[in-house]
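Note sheet for the following structure.
The values are calculated or read from the model by the stated rules, or taken from the named source; none is laboratory data. Computed from a prediction, not measured in an experiment: that's the story for all the values here. Virtual Cβ from ideal backbone geometry, glycine too; neighbours counted across all protein chains shown.
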Amino acid sequence: MEITPFNMTLLCSAAHFLEMECDDCPATPNLKPHLEKFLEGIRFWTWYELLEALKQCQDLFSSKGYLAILHRIVDHLIERLASPGITSPNTCSSSRSSFQFSCDTSSNKSWRNNCSGTTWWWFEHLLFLKTDLLDKVIRTMISYDFDHGVLSRFLFYYHNSTCLGGVQDEKIKTTKVVINILLLLDLRSISCKDLFNLNRTAISLKMSRSCINKIESLIGPLLDQTTIDYILLPSPRSKDQAYDVDFVLRLIHLFFFGGSFELTSNRLKRVVKMMDLFLVEVAPDPHLKPCEFEALITVLPDTARESHDQLYIAMDMYVKVHAGLSEREKISICCTLNHEKLSAELLRHLTRNMVFPSEAKPRAYVTRQSRMKTLLQENDHLKNLFEAMFGKSFNKNVEVREDVERRSYDAEELRGDLEGMQSGAQVGSLKKSGTHIMSNAMYLPKLCS
């Protein structure tokens, strides 16, 4: 009987069942030497012959004595994938004699140059792999120095394809294997958005806390690569609040302490911007506890924010919605606001804000100083008028500034005085500064689908 790649594994299984694999019994026919000799030509097999042999090995091999054959097929299949010039299955199946590869799998040669987008055709071909064999194949690919970005894409493709329509237990098993393999890859090669989708799947499957923690450990250091839509997860059913605040707090902690990436200013700015948007989304939630909101506004260091405008807007919304807060709770929330990082418009709004505790408002001197500073910045010609009035320069003379501040003019009074000194000449209207406009409309954010 001729041995071929399509019946080799069947013969191996039959030999094991009929006990035709004993080297110590000359009277019994032994198929092992014939199979080993046949495998010497594995380097000449086509791509589809390797695939078919691997499929049969996965389904039929139960003897540890034949695992070496499985490993040999896996090695050659991966070596075929990693060989330069293999870009499509048609190329791989042209003829048996068209490829002659070395069987030395211990070579340190890097195959990274063959992992471009043109080689992704094999994703579909390897979907038949079961989770145990998938783990072995990917680990072997890693040892061959396959590009980690390609491997991570294949893992997500495999997970999405095999979990579609699968039963619960199989989905959980596949998700666990994919998570454990992703932990072996370079984190910078993994898509953060794909990790968020994987996390949603794990939550919907009610997987263990340890599995969820593994996914979050991958997401946290990449938090600057995502958008607010991905962190607006519905709160667990055990809580009444709209969004999962604890999830966001864990990710922020992992962003600062869970990765080995350099914490650059650009990465930090992106996270701060996303966090400020998240605060504005969750602030109107009547079920969000004061301690949870306070944890959200203090999780980032004060030095990370260049402006506190969005922070103030979130605080103002939260305090108005939660009218039953005690004065102590209001102070605890609002005392983190840095008045020096507020725009002039919001600083004026704060001084007239009746729901904010007085301890959280700026002093009168600071308020007057901010008003004068705003007027001077809005119209340059006012500086010339002040020089004409006092005979001194307002650009760098500190004494003149202090003298003007002692006058305790309000913005409207100062404008009236200037108009009178101009002998009826009309002073140009002052433009409002700042980019944020406070709104009294309160709303509850919509849950993400």
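Could you please find all residues in segment 34-48 being under 15 Å from ASP75 (Cβ atoms) and crowded, with 18+ Cβ neighbours inside 10 Å?
LEU39, ILE42, TRP45, TRP47 - these are the residues of segment 34-48 that are under 15 Å from ASP75 (Cβ atoms) and crowded, with 18+ Cβ neighbours inside 10 Å.
Listed here are the residues, each with its yes/no results for (1) touching a helix residue (DSSP H, G or I) at 6+ places or on another chain (Cβ under 7 Å); (2) part of a loop (DSSP other than H, G, I, E, B).
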| position | (1), (2) |
| --- | --- |
| LEU296 | yes, no |
| SER307 | yes, yes |
| GLN310 | yes, no |
| ILE313 | yes, no |
| LYS320 | no, no |
| ARG328 | no, no |
| ILE331 | yes, no |
| GLU345 | no, no |
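Can you find, within segment 221-258, the residue that is farthest from PRO284 (Cα to Cα) among those that are basic (Lys, Arg) and not in a helix (DSSP H, G or I)?
So the residue we want is ARG237.
Which one of these does VAL167 not meet: (1) among the aliphatic types (A, V, I, L, M); (2) surrounded by 14 or more Cβ atoms within 10 Å (Cβ to Cβ); (3) out of contact with any Asp or Glu (no Cβ under 7 Å at 6 or more places or on another chain)?
In the conditions (1) among the aliphatic types (A, V, I, L, M); (2) surrounded by 14 or more Cβ atoms within 10 Å (Cβ to Cβ); (3) out of contact with any Asp or Glu (no Cβ under 7 Å at 6 or more places or on another chain), VAL167 misses (2) alone.
Output the number of residues of segment 10-49 satisfying the condition of being part of a helix (DSSP H, G or I) and either of a type outside the set (S, T, N, Q) or modelled with pLDDT of 80 or more (or both).
Taking segment 10-49 and keeping what is part of a helix (DSSP H, G or I), we get 10-17, 32-39, 42-44, 47-49.
Now restrict to residues that are either of a type outside the set (S, T, N, Q) or modelled with pLDDT of 80 or more (or both): 10-12, 14-17, 32-39, 42-44, 47-49.
Selection size over segment 10-49: 21.
Exactly one of these conditions fails for SER217: (1) closer than 29 Å to ILE142 by Cβ; (2) hydroxyl-bearing (Ser, Thr, Tyr); (3) in contact with a helix residue (DSSP H, G or I) (Cβ under 6 Å, 6 or more places away or on another chain). Give me its number.
Only one criterion in (1) closer than 29 Å to ILE142 by Cβ; (2) hydroxyl-bearing (Ser, Thr, Tyr); (3) in contact with a helix residue (DSSP H, G or I) (Cβ under 6 Å, 6 or more places away or on another chain) is unmet by SER217, namely (3).
Checking the conditions here, which among SER161, SER204 is farther than 28 Å from PHE255 by Cβ, of a type in the set (Gly, Ala, Ser), at pLDDT below 95 and out of contact with any Lys or Arg (no Cβ under 6 Å at 6 or more places or on another chain)?
Numbers: SER204 fails: farther than 28 Å from PHE255 by Cβ.
The conditions single out SER161.
How about segment 193-216: which of its residues are of a type in the set (Gly, Ala, Ser) and either in contact with a Gly (Cβ under 6 Å, 6 or more places away or on another chain) or surrounded by 17 or more Cβ atoms within 10 Å (Cβ to Cβ) (or both)? Can you show your working first?
Let us first name the residues in segment 193-216 that are of a type in the set (Gly, Ala, Ser), namely 202, 204, 208, 210.
Result: ALA202, single match.
Kindly provide the set of residues from segment 135-180 that are charged (D, E, K, R), in contact (Cβ under 8 Å) with a residue 24 or more places away in the chain and farther than 22 Å from HIS71 by Cβ, ordered by number. Talk me through it step by step, then tell me what you get.
Step one: list which residues in segment 135-180 are charged (D, E, K, R), which gives 135-136, 139, 145, 147, 153, 169-171, 173, 176.
Remaining after also requiring in contact (Cβ under 8 Å) with a residue 24 or more places away in the chain: 135-136, 139, 145, 147, 153, 171, 173, 176.
Answer for segment 135-180, where residues must be charged (D, E, K, R), in contact (Cβ under 8 Å) with a residue 24 or more places away in the chain and farther than 22 Å from HIS71 by Cβ: ASP147, ARG153, LYS171, LYS173, LYS176.
Here's a check for you: in segment 181-192, which residue that is assigned to a loop (DSSP other than H, G, I, E, B) and crowded, with 16+ Cβ neighbours inside 10 Å is farthest from the chain's Cα centre (by Cα)?
First, the residues of segment 181-192 that are assigned to a loop (DSSP other than H, G, I, E, B): 183-186, 190-191.
Going one step further and asking which of them are crowded, with 16+ Cβ neighbours inside 10 Å, we end up with 185, 190-191.
Working: LEU185: 15, ILE190: 9, SER191: 7 Å.
Looking at residues that are assigned to a loop (DSSP other than H, G, I, E, B) and crowded, with 16+ Cβ neighbours inside 10 Å, I get LEU185.
Could you give me the residue pairs with C-beta distances under 7 Å whose first residue belongs to segment 192-213 and is in contact (Cβ under 8 Å) with a residue 12 or more places away in the chain, whose second residue is crowded, with 17+ Cβ neighbours inside 10 Å and outside any helix (DSSP H, G or I) wherever it lies, and which are 6+ apart or on separate chains?
Going by the 7 Å Cβ cut-off, the qualifying pairs are CYS192/THR226; LYS193/THR226; PHE196/THR226.
Per-residue answers, yes or no, for (1) within 15 Å of VAL299 (Cβ to Cβ); (2) without any contact (Cβ under 8 Å) to a residue 24 or more places away in the chain; (3) surrounded by 14 or more Cβ atoms within 10 Å (Cβ to Cβ); (4) out of contact with any strand residue (DSSP E or B) (no Cβ under 8 Å at 6 or more places or on another chain):
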site	(1), (2), (3), (4)
ILE228	no, no, yes, yes
PRO236	no, yes, no, yes
ASP240	no, no, no, yes
LEU254	yes, no, yes, yes
PHE261	no, no, no, yes
LEU268	yes, no, yes, yes
